[in-house]
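The values are calculated or read from the model by the stated rules, or taken from the named source; none is laboratory data. Predicted model, so just to flag it, every value in this text is computed and none were measured. Cβ coordinates were reconstructed from backbone atoms using ideal geometry, including for glycine residues, and neighbour counts include every protein chain displayed.
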Amino acid sequence: MKPADKPNGHRRLQQAAGAAVAVIALALALAIGAVTSAHAAASIVIVNLNDPGVGFNDPTPATPAGGNPGTTLGQQRLVAFQNAASIWGSTLSSNVTIRIGASFVPLSCTATSAVLGSAGANEIWSDFPNAPRANTWYPSALASKLAGEDVATPGQPHIIARFNSRLGLFPDCLPGSGFYLGLDRNFGDQIDLVTVLLHEFAHGLGFQTFTDDETGQEIMDIPSIWDYYLLNNQTDRTWVESTAAERAQSAVTWRGLSWNGPRVTAAVPQVLAPMSNLAISGDAAGQAAGNYEVGDASFGPPLANPPVSGQLMPVVDQGDGNGLACTPLSARNALAVRGNIALVDRGNCDFVTKAKNVQNAGAIGMVVADNQPGDVAGMSGNDPGIAIPSVRITQANGVSIKASLQRRSRTQSGVMASLGINQNRLAGTDAQGRILMYTPTIYSPGSTVSHYTTEARSNQLMEPSINDDLTHEVRPPRDLTYPLLQDIGW
Amino acid sequence: MSRQKMMTLSMLAALCVLASLAMHAKAAGQQDRQDQRDRQEGMVVVRDPQTGKMRAPTPEELRALRAKAPPSAAALSGTPPQNKALTRRDGARGVRLGEKNLVYEVVTRSPDGKLGSQCVQGDAAAEDALHRPANAEHKEHSHEAR
């Protein structure tokens with residue numbers, strides 16, 4: 001999980017409105033049984049595909065909680081679905097009712113893992129009436145909005161959504177970690193269904209390319225509307241302008257793809273926070289002087305201005321000269337880091353333990369050098385007792401900075417470290433201020449560029465992981481999901 | 001072995017063939033591949049209860065086999081089959097997408113009890129993700145605890 005950002009205070013109105021519509025919709029649902037709808041700027045209908053007695057029709061008694069008034073498990077599931085639909089319905093506009101074919105069914109599970117659910121566009125269409133671009137795939141919900149008529153095959157939903165009916169309820173299906181069906185985000189150790197639904201519905205509405213990420217192949221050699229805005233920032237060509245091989249390569253190039261849509265780019269400064277930065281300076285810094293990109297920590301205070309500055313002093317507690325700081329620091333190391341910023345190496349224990357040990361020794365900040373090659377990564381962990389800022393740097397940068405620390409006394413290095421923020425660069429953006437898309441360096445099955453980067457701060461709904469600090473907002477100033485949907489035509 | 005048992009085993013063997021073909025087809029993304037696999041269903045064989053020899057099923061036997069085959073997850077959940085080309089009178093072209101284009105949210109619990117999620121595309125990737133730690137494959141982007 002990514003570090004949690006401070007919750008934003010003014011984000012409840014839309015959520016509350018959505019919940020109110022959901023309640024009304026529930027009453028309708030109970031009256032008519034199979035179909036509910038949320039009327040707003042766009043109408044979204046949840047088409048209940050479950051058989052009697054299961055899924056949305058599960059009669060297991062449930063106690064109303066978290067703003068969900070349902071009194072059976074099935075009703076509460078339906079209310080949660082309707083709540084997510086209401087949020088999107090009040091955000092989007094369309095003259096064509098959006099149909100979500102939804103069901104709760106048994107999906108793959110183990111005792112420690114589970115498929116929560118899946119969703120996506122049911123059909124894609126090109127060259128429909130009023131299509132903004134010829135020979136281009138649009139998801140059917142968007143195609144229908146743009147056409148002003150329903151272009152989907154009669155009887156077919158625009159979006160398919162299936163969720164796991166066994167989650168948390170059986171010993172072989174992540175027991176104890178079921179869906180939280182409340183609407184108020186007080187999910188505790190549960191999984192907030194509404195957040196997951198907002199994410200999955202967004203994919204179905206068009207937050208996805210239909211071009212194969214792994215091979216770069218387009219369906220029937222037709223590009224997706226998504227591909228007009230997905231920019232290879234190293235060649236300055238969009239996916240539409242690239243070959244299949246170039247597309248596939250860019251999907252696994254670290255920070256290689258940006259979103260080039262005007263709505264998102266305009267909203268980025270409003271939504272994303274400045275990037276954290278480590279500045280190295282001082283008489284002894286030599287070639288190590290400069291600014292470094294860092295991984296943030298989920299513990300301790302976030303980096304800010306004014307920065308926390310001090311001499312950088314390495315912890316040395318290993319025979320090879322490295323310092324792990326997995327145990328309370330020796331008197332010599334404590335003397336070195338007291339009032340300074342401690343440089344430690346990754347390994348052997350969690351980051352929180354290292355932070356606690358250097359903090360207890362009097363350090364005012366911590367820099368962790370990675371112990372293996374790779375890109376910048378963050379540090380998770382939670383300890384409210386950590387009061388000093390911490391950052392993580394790459395192994396290569398660690399080697400460079402350590403080289404400048406060779407000549408030092410027990411208490412001074414002449415190398416200054418400053419933990420602050422880079423006012424000229426926002427977290428998760430490229431050099432031109434466009435948000436980056438998710439492009440893991442190492443290919444992993446199913447990894448998709450249809451997500452924002454995990455470097456964004458604050459965390460975004462459409463990152464590849466559901467972070468626990470997400471709100472139910474989908475638009476600025478909190479979130480960039482809606483601007484992207486606007487870019488593609490919503 | 002009684003004829004009835006032999007027939008049952010034959011049916012089960014044929015069902016396995018059907019299931020195998022169905023799983024194979026599930027992984028395909030293109031309509032032409034799907035069509036090819038659909039045609040391959042003709043490879044189903046049954047053991048003749050009279051002669052004990054393998055032969056092609058009669059239409060009645062094939063219908064019976066299909067009726068006994070467990071419904072696919074897609075069928076159970078109302079999801080579409082593989083990509084299917086569509087057209088409209090106004091000239092619009094379309095495709096009904098299959099499992100490969102659905103986006104799956106998978107959650108895993110680490111040994112320390114923390115939940116991590118990952119969003120992957122396609123049912124095969126989802127199955128793969130079930131058996132990997134949430135952040136193992138994305139470690140350069142993730143927030144690791146140690």
When (1) in contact (Cβ under 8 Å) with a residue 60 or more places away in the chain; (2) of a type outside the set (S, T, N, Q); (3) assigned to a loop (DSSP other than H, G, I, E, B) are applied to A:V79, the one that fails is (3)
Exclusive hit being acidic (D, E) and closer than 30 Å to A:I219 by Cα, set A:D127, A:D51 = A:D127
If you take the residues in segment A:123-158 that are aliphatic (A, V, I, L, M), touching a Leu at 6+ places or on another chain (Cβ under 8 Å) and at the interface with chain B (Cβ under 10 Å from one of its Cβ atoms), which one is surrounded by the most Cβ atoms within 10 Å (Cβ to Cβ)?
-> A:I124
Name the single residue, out of those in segment A:187-207 being in a loop (DSSP other than H, G, I, E, B) and at pLDDT 95 or above, that is nearest to the other protein chains (Cβ to nearest Cβ).
-> A:F207
Answer with yes or no whether A:W88 is in a strand (DSSP E or B), buried (at least 21 other Cβ atoms within 10 Å of the Cβ), at pLDDT 95 or above and not charged (D, E, K, R).
-> no
Odd one out for A:S418 among (1) within 14 Å of chain B (Cβ to nearest Cβ); (2) part of a strand (DSSP E or B); (3) small (G, A, S) = (1)
Test for A:L193: is it crowded, with 23+ Cβ neighbours inside 10 Å and out of contact with any Ser or Thr (no Cβ under 6 Å at 6 or more places or on another chain) | yes
Selection over segment A:25-44 where residues are modelled with pLDDT under 95, under 18 Å from A:V194 (Cβ atoms) and in a strand (DSSP E or B) yields a count of 3
Counting only residues that are in a strand (DSSP E or B) and touching a Lys or Arg at 6+ places or on another chain (Cβ under 8 Å), how many does segment A:211-221 have?
-> 0
Any chance A:W226 is assigned to a helix (DSSP H, G or I), in contact (Cβ under 8 Å) with a residue 60 or more places away in the chain and within 14 Å of chain B (Cβ to nearest Cβ) = yes
Got a number for residues in segment A:159-172 being within 11 Å of chain B (Cβ to nearest Cβ) and part of a loop (DSSP other than H, G, I, E, B)?
-> 3
What is the number of the single condition among (1) within 14 Å of another protein chain (Cβ to nearest Cβ); (2) in contact (Cβ under 8 Å) with a residue 12 or more places away in the chain that A:D221 does not meet?
-> (2)
Within segment A:141-156, is there a residue that is touching a helix residue (DSSP H, G or I) at 6+ places or on another chain (Cβ under 7 Å) and within 30 Å of A:A111 (Cβ to Cβ)?
-> no
Those residues of segment A:399-417 which are surrounded by 12 or more Cβ atoms within 10 Å (Cβ to Cβ) and of a type in the set (D, E, K, R), in sequence order | A:K402, A:R408
Need at least 1 residues that are free of Cβ contacts under 8 Å to residues at least 60 places away in the same chain and not basic (K, R) per element, so show me which helices (runs of 4 or more DSSP H) inside segment A:237-351 make the cut, counting only ones lying wholly within it.
-> A:244-250, A:331-337
Per-region count, segment A:468-490, residues of a type in the set (S, T, N, Q) and either assigned by TED's automatic domain parsing to the domain that holds A:R392 or buried (at least 21 other Cβ atoms within 10 Å of the Cβ) (or both) | 1
Give just the number: which of (1) in the same structural domain as A:L231 (by TED's automatic domain parsing); (2) surrounded by fewer than 20 Cβ atoms within 10 Å (Cβ to Cβ); (3) modelled with pLDDT of 95 or more does A:A284 not satisfy?
-> (1)
Of those in segment B:79-128 that are of a type in the set (D, E) and closer than 30 Å to A:A134 by Cβ, the residue modelled with the highest pLDDT is B:D90
Got a sec? Which of B:G113, B:G91 is more than 7 Å from every other protein chain (Cβ to nearest Cβ), surrounded by fewer than 24 Cβ atoms within 10 Å (Cβ to Cβ), on the phi > 0 side of the Ramachandran plot and assigned to a loop (DSSP other than H, G, I, E, B)?
-> B:G113
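A quick yes/no check of all residues on (1) of a type outside the set (V, I, T); (2) at pLDDT 95 or above:
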site: A:C349; (1), (2): yes, no
site: A:V358; (1), (2): no, yes
site: A:A363; (1), (2): yes, yes
site: A:M366; (1), (2): yes, yes
site: A:A377; (1), (2): yes, no
site: A:S390; (1), (2): yes, yes
site: A:G420; (1), (2): yes, yes
Taking segment A:188-241 and keeping only residues that are of a type in the set (V, I, T) and farther than 30 Å from A:S103 by Cα, one is left with A:T215, A:I222, A:T235, A:T238, A:V240
Could you grab me the full set of residues in segment A:311-362 that are crowded, with 16+ Cβ neighbours inside 10 Å, at positive phi and more than 14 Å from every other protein chain (Cβ to nearest Cβ)?
-> A:G362
